[in-house]
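Report on the following structure.
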């Protein structure tokens, strides 16, 4: 979906409304046009935020389930997903690896 340029959209709405000083009955149209523009801006922003949040959750889920570490468990080297790491696992950390952990040094 292409990103709407909200400023241009508002400008088009405002320029389409003709303001005639003799017609006091049509003054409410400007208020409605502003209200419609605000609703459009809110809906487009909410949709973009929702889509970005969904994409972020998908990437986070991919990292948790597909990213594997070479760990030493019980004397054997195993490929273990990040979400399955346990206390006592010895991980072989390679250059560029991203590890979330808590530890203490002796």
Looking at 70, 26, 37, can you tell me which residue is part of a helix (DSSP H, G or I), surrounded by 11 or more Cβ atoms within 10 Å (Cβ to Cβ) and at pLDDT 80 or above? 37
Take region 78-87 and flag every residue that is surrounded by 11 or more Cβ atoms within 10 Å (Cβ to Cβ) and part of a strand (DSSP E or B). 78, 80, 81
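The values are calculated or read from the model by the stated rules, or taken from the named source; none is laboratory data. Everything quoted here is computed from the prediction, not taken from an experiment. Using ideal geometry, Cβ is built from the backbone for each residue, glycine included, and neighbour counts are taken over all protein chains shown.
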